[in-house]
Amino acid sequence: RPRSLFAFGKVVLSLKHSDKENVMEEFNSMKEILDKYGKYTGLTKGISMQPMIHQGKDNIIVVKTNERLKKYDVPVYINSKGQYVMHRVVEVHDDHYIIMGDNCNYKEHVTDDKICGKLVGYYHFGKKYIDLEKNIGYKLYSRIWVALIPIRPFTMFLNRCLNFVDKRTFKRYISGTE
């Protein structure tokens, strides 16, 4: 299967055509890879899809899709700044989608022409494969996560407070000033 590395604005794809031949191809974008091969695999950058996807640790598998997305799908799209973004569909409309990152409080309006592909699965910490179409735990997670959108700002604030308290407690314990 193709392996890729995104560095300095270029995607370098290592393809093994046979046991003896290893070919390196250079692409300018993930979209070029999806257009040519129909599939992209690589590591992510950013924290907007935590706690599901972890930056630099989970190997994602994105496929090109020509179908309309459904609620709970996780597309890769190009935002207004030209950046690749992977967020969850929370609403489907005739001419656009409402999309949010699992670790975000803001909604984005995305049209079909901005969609490059759809996440179909990922290797959690490079080991356990999670198939987004078949995994019941993932399906339950995505539905609960979308249902919690109205209280997400509160839960994110609470999480930050608990992390702050936990870090301070840990520092006091380590320094012995309890």
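The values are calculated or read from the model by the stated rules, or taken from the named source; none is laboratory data. In this text, all values refer to a predicted model and were calculated from it rather than measured experimentally. Positions of Cβ are backbone-derived with ideal geometry, glycine not excepted, and every protein chain shown enters the neighbour counts. For accessibility, only protein heavy atoms count, side chains too; no ligands or nucleic acids. Shrake-Rupley method; radii C 1.70, N 1.55, O 1.52, S 1.80 Å.
Summary table below
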quantity: Among the candidates I78, I47, I53, I130, residue that is in contact with a helix residue (DSSP H, G or I) (Cβ under 9 Å, 6 or more places away or on another chain) and under 25 Å from N28 (Cα atoms); calculated: I78
quantity: Members of the range 85-113 that are without any contact (Cβ under 8 Å) to a residue 40 or more places away in the chain and β-branched (V, I, T); calculated: V85, V89, V92, I98, I99, V110, T111
quantity: In the range 126-141, residue farthest from V89 (Cα to Cα) [restricted to those that are touching a strand residue (DSSP E or B) at 6+ places or on another chain (Cβ under 7 Å) and open to solvent by less than 70 Å² (accessible area, probe 1.4 Å)]; calculated: G126
quantity: Any hit, the range 65-84, residues being outside any loop (DSSP other than H, G, I, E, B), open to solvent by less than 10 Å² (accessible area, probe 1.4 Å), touching a residue at least 40 places away in the same chain (Cβ under 8 Å) and not hydrophobic (A, V, I, L, M, F, W, C); calculated: yes
quantity: Test set (1) out of contact with any Pro (no Cβ under 8 Å at 6 or more places or on another chain); (2) open to solvent by 40 Å² or more (accessible area, probe 1.4 Å); (3) in a loop (DSSP other than H, G, I, E, B) - I53 fails condition number; calculated: (2)
quantity: Residue count, the range 92-116 (criterion: open to solvent by 70 Å² or more (accessible area, probe 1.4 Å), under 16 Å from P150 (Cβ atoms) and in a strand (DSSP E or B)); calculated: 0
quantity: Sole residue being within 15 Å of the chain's Cα centre (by Cα), under 20 Å from E133 (Cα atoms) and charged (D, E, K, R), chosen from R88, R68; calculated: R88
